[in-house]
Each structure stands twice: as C-alpha cells, then as structure tokens.
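The values are calculated or read from the model by the stated rules, or taken from the named source; none is laboratory data. Computed from a prediction, not measured in an experiment: that's the story for all the values here. Heads up, the Cβs are rebuilt from the backbone with ideal geometry, glycines too, and the neighbour counts pull from every protein chain shown.
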C-alpha cells in the first residue's frame, strides 16, 4: 500500500510538472518575462520532474526492468535540472557567427544543446517507463491505450526534430525558396518570418506530445486508484461469506438440538 501511494504521488507530480516545465522553458526562449526571477522557475520546474520520477522507485523494487527504466529517467531529469540554467544564460549571448564566440560562450551553447537533447530523451524514456508500468498493472485496456499513445508520440517526434533542424537553417531555406518559389517566399516576408513559423510548428508538436504523455499518466494513475478501491467490495463479500458460514453453522446446531429433544428413545 505505501508503494502504491508513492506511485500515485509520482504520477500526480509528473502530470502537473510536465506542462509547467514546457511553459517555463518556452517562455524563457521566446520572451523572457521572468528576468527578475532569474533561473529559479527553470530549476523548480525541472526539479519537480526529477522528484516525481524519484517517487516511482518505491513501486515494485524487485522488478529489475522497471527499476532500470526509472533510474534512467531519473538521471535524465537530474541532467535537465543541472543544465537548465544555460537556457537562461544563452539569451544574453549576442548574435554572432560560430567563429565569433569565445570559449565560455561556446560552452553555454553546447550545454544548451545537451539540455535540449536530454529533454527529448527524457520525454521518450518517460513514454517507455509508462509502457513498462502498463505491463505491470493488470489492466489490458490501459495497456492498449498506452501502446497507441506511445506510437503516436514516436511518430510526432520525427516532424518535430525536422522542424527544429529547419529552424537552424531558416536563412538558407529562405534563400532556396526565394529562387525556387518566389511567391511562397514572399508569403513569409523574410527569413525571420520563416523561422518564427517553424518555431510555432515545433511548439505545436511539442504540445501534442506533452498532451498525449499527460493522458497516459492520468490513465495510469486512475488505473491504480481504481484497482485500490475495487478491493473494498471483495472484502465486504468475504465478510458476507463469513457471516453466511456462521449462520449456517448456527442453524445446523439448532436443528441438531431440536432433533435431540424429540428423540423417542428418551421417552
């Protein structure tokens, strides 16, 4: 029972921390409105993700495959929490060519790239973790739903990665469109307009992936809670069966006593 309680708490934390972390990171990249807060919103949101995953270790500690998946997800969440300040510091870097950055500025850029990679791997491994959880829980409907949502998420990751790569090459793509399809290039206005459109596509796909992951987390939590509360009727039925057996024994004893009182041999 304590392990199930920790499992429900971990899933609840992950359900709320995922969209908050996405909101904070996107807000930091697009419009840093929390300059007075510094890196605290970023650390708190990613730290909550790590804390939520760490609660899942209490569930089925003897299951090696499950525990290894939890540990890997926990390491990725801890890596995100350690590298997320670079997402704040990279906003202060000037727009220069790759050779124009100093060694310290390149370190910030590389650390931000590692953070983005760790974030993608975290969401992917969280999907795998939920798949392992559905195998442990005795709910075939949950297992089928999570399998479907995980497949959808893996399909969505490919266009998201392609859009992220195109964002880095927006100037080159705009130049190609300007010569190959001038009308389409004019609809974007300039390379910045194309980059903003691609950023919107990345954000839209990321929201879809987070939404489907939240759906899986919610379904898993509800399956655990339904499994716990469904034990109550069985306990009541056992009590009723026990009472029925007691009543049957008492009735048998009463019938035996009646038979003895009317025995003709005693007369």
ask   = If only one of 36, 3 is out of contact with any helix residue (DSSP H, G or I) (no Cβ under 6 Å at 6 or more places or on another chain), part of a helix (DSSP H, G or I), over 23 Å from residue 118 (Cα atoms) and modelled with pLDDT under 95, which one is it?
value = 36
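Yes/no matrix, rows are residues, columns are (1) surrounded by fewer than 17 Cβ atoms within 10 Å (Cβ to Cβ); (2) within 17 Å of residue 218 (Cα to Cα):
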residue	(1), (2)
69	no, no
119	no, no
138	yes, yes
142	no, yes
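Condition check: out of contact with any strand residue (DSSP E or B) (no Cβ under 7 Å at 6 or more places or on another chain), part of a helix (DSSP H, G or I), closer than 30 Å to residue 227 by Cα and at pLDDT 95 or above. Does residue 14 satisfy that?
yes
Name the residue, out of 198, 142, that is at pLDDT below 95, in a helix (DSSP H, G or I) and over 30 Å from residue 225 (Cα atoms). So that I can check it myself, show each step before the final result.
Values: 142 fails: over 30 Å from residue 225 (Cα atoms).
Exactly one of 198, 142 is at pLDDT below 95, in a helix (DSSP H, G or I) and over 30 Å from residue 225 (Cα atoms), namely 198.
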message = Which numbered condition in (1) part of a helix (DSSP H, G or I); (2) in contact (Cβ under 8 Å) with a residue 24 or more places away in the chain is the only one that residue 135 fails?
response = (2)
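Residue-by-condition table, conditions (1) in a helix (DSSP H, G or I); (2) at pLDDT 90 or above; (3) in contact with a helix residue (DSSP H, G or I) (Cβ under 9 Å, 6 or more places away or on another chain):
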| residue | (1), (2), (3) |
| --- | --- |
| 72 | yes, yes, yes |
| 90 | yes, no, yes |
| 94 | no, no, yes |
| 116 | yes, yes, yes |
| 125 | yes, yes, yes |
request  = Scan the range 73-80 and give yes if some residue there is surrounded by fewer than 20 Cβ atoms within 10 Å (Cβ to Cβ), over 30 Å from residue 169 (Cβ atoms) and out of contact with any strand residue (DSSP E or B) (no Cβ under 8 Å at 6 or more places or on another chain), otherwise no.
outcome  = yes
Filter result (in contact (Cβ under 8 Å) with a residue 60 or more places away in the chain and under 15 Å from residue 66 (Cβ atoms)) within the range 138-154 = 138, 146
